[in-house]
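A short worksheet on the structure shown next.
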Amino acid sequence: MKTAFVTGASAGFGKAICRALIADNYRVIGGARRADKLAELKRELGEHFIALPLDVTDAASLDAACESIRDASLHIDLLVNNAGLALGIDRAQSADAKNWERMIATNVTGLAMVTHKLLPAMVEANNGLIINIGSIAGTYPYPGGNVYGASKAFVKQFSLNLRADLAGTKVRVSNIEPGLCSGTEFSLVRLAGDQDAVNALYRDVEAIRPEDLANTVVWIAGQPPHVNINSVEIMPVAQSYAALNIARNL
Ligand SMILES: NC(=O)c1ccc[n+]([C@@H]2O[C@H](COP(=O)([O-])OP(=O)(O)OC[C@H]3O[C@@H](n4cnc5c(N)ncnc54)[C@H](OP(=O)(O)O)[C@@H]3O)[C@@H](O)[C@H]2O)c1
């Protein structure tokens with residue numbers, strides 16, 4: 001049985017990815033800060049789901065989590081670096097510095113450090129797949145995207161650079177870049193619990209769903225070993241592009 005480690009397993013994409021991987025006969029280790037949510041998922045998913053309370057921004061927590069994986073003699077075949085968040089939608093000039101720090105600590109440092117911990121064993125076994133969850137915000141700028149978008153641009157380039165370093169090994173790396181998705185806590189977290197603003201964002205829009213993302217993860221993981229899906233950009237049909245902004249009479 002293959003083993004997957006999914007960060008951010010307590011909600012949204014991560015939870016759906018755990019469900020889909022269990023259905024695809026994986027043993028799944030799910031990490032997140034909220035132990036109660038992980039325990040709930042454990043009750044639902046049963047013996048092949050291992051709840052692993054974890055804060056990716058805390059080095060000691062990450063050390064302890066990786067130690068418990070080693071102690072259980074589990075080889076990670078699939079790492080899904082999904083834990084992440086956006087905080088605020090203010091323009092850069094009025095954004096809260098604390099929000100920037102937390103986004104960088106989680107989306108950039110946290111993702112890099114989880115990878116740093118688990119990659120050597122994958123290379124040693126000459127087997128493994130890392131699926132990073134980036135965002136279309138890492139490619140397309142928008143007002144208020146500032147540090148969140150930049151953190152996802154890091155995920156995009158880190159994924160490509162990992163591939164460069166892993167040349168000559170069988171370890172694979174993919175980056176999934178989703179657009180607007182409903183059914184997760186992402187926007188409620190970003191908009192500081194303002195449910196009216198969340199409702200306004202998703203009003204009359206059929207966004208992608210966590211299950212769509214989970215299907216994509218299972219599809220990537222199901223490719224034959226000689227195939228590396230470098231990136232997948234996935235948006236709802238209802239989302240597309242706007243023209244570049246032009247400020248007149250500047
Ligand atoms: N929803 C979208 O529209 C969208 C679009 C593009 C990309 N994404 C990306 O997709 C990923 C998942 O987002 P989502 O929509 O599923 O959001 P979500 O429902 O808010 O889930 C985020 C998950 O990350 C975990 N997490 C946050 N900080 C953490 C930390 N320090 N340590 C460990 N776990 C942490 C949360 O668990 P705890 O709070 O229990 O720690 C939660 O399980 C993120 O990387 C996000 O940037 C989302």
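Here, each number is a calculation from the coordinates, and none is a lab measurement. Computed from a predicted structure; not experimentally measured. Cβ placement follows ideal geometry from the backbone for every residue including glycine, while neighbour counts extend to all protein chains displayed.
Lys-Lys pairs in segment 3-230 that are eight or more residues apart or on separate chains and whose Cα atoms lie under 26 Å of each other come to 16. Pop the C-beta distance of Ala200 and Leu244 into the FRET formula with R0 = 25 Å and round what comes out to the nearest 0.05. Plugging the Cβ-Cβ distance into 1/(1 + (r/R0)^6) gives 0.50. Extension gain, Ile234 to Val189, is 14.0 nm, computed as 0.36 nm per intervening residue step minus the present C-alpha separation. Rounded, prolate or oblate for segment 40-186? Axes are the square roots of the Cα gyration tensor eigenvalues, ordered a ≥ b ≥ c, and the cut-off for rounded is a/c under 1.5. Prolate, because a/c is 1.5 or more and a/b exceeds b/c. When the square roots of the Cα gyration tensor eigenvalues are ordered a ≥ b ≥ c, the ratio a/c for the chain is 1.5 or more and a/b exceeds b/c, which makes its shape prolate.
Calculate how steeply helix 111-125 sits against the longest principal axis of the alpha-carbon atoms of the chain, using the helix alpha-carbon long axis, and give the answer as 0 to 90 degrees to the nearest 10. Roughly 30 degrees between the two axes. Counting charges near Ala16 (Lys, Arg +1; Asp, Glu -1) among other residues having Cβ under 9 Å from its Cβ returns a value of +1. For segment 194-250, a crude dipole built from +1 on the beta carbon of Lys and Arg and -1 on the beta carbon of Asp and Glu, taken about the Cα centre, is about 240 debye to the nearest 20. The helix-only estimate of mean residue ellipticity at 222 nm for the chain, built from DSSP H runs of length n ≥ 4 each weighted as -39500 (n - 2.57), is -12500 deg cm²/dmol after division by the residue total.
Label segment 99-215 by shape, choosing from rounded, prolate and oblate, from the square roots a ≥ b ≥ c of the eigenvalues of the Cα gyration tensor; if a/c is under 1.5 it is rounded, and otherwise prolate applies when a/b is larger than b/c, oblate when it is not. Prolate.
Loop-located trypsin sites (Lys or Arg not before Pro) across segment 180-250 with a Cβ neighbour count of 11 or fewer within 10 Å are Arg203, Arg248, with loop assigned by DSSP. If the chain linking Arg33 and Thr169 were pulled fully straight, counting 0.36 nm for each residue of separation and taking away their Cα-Cα distance, it would gain 45.7 nm.
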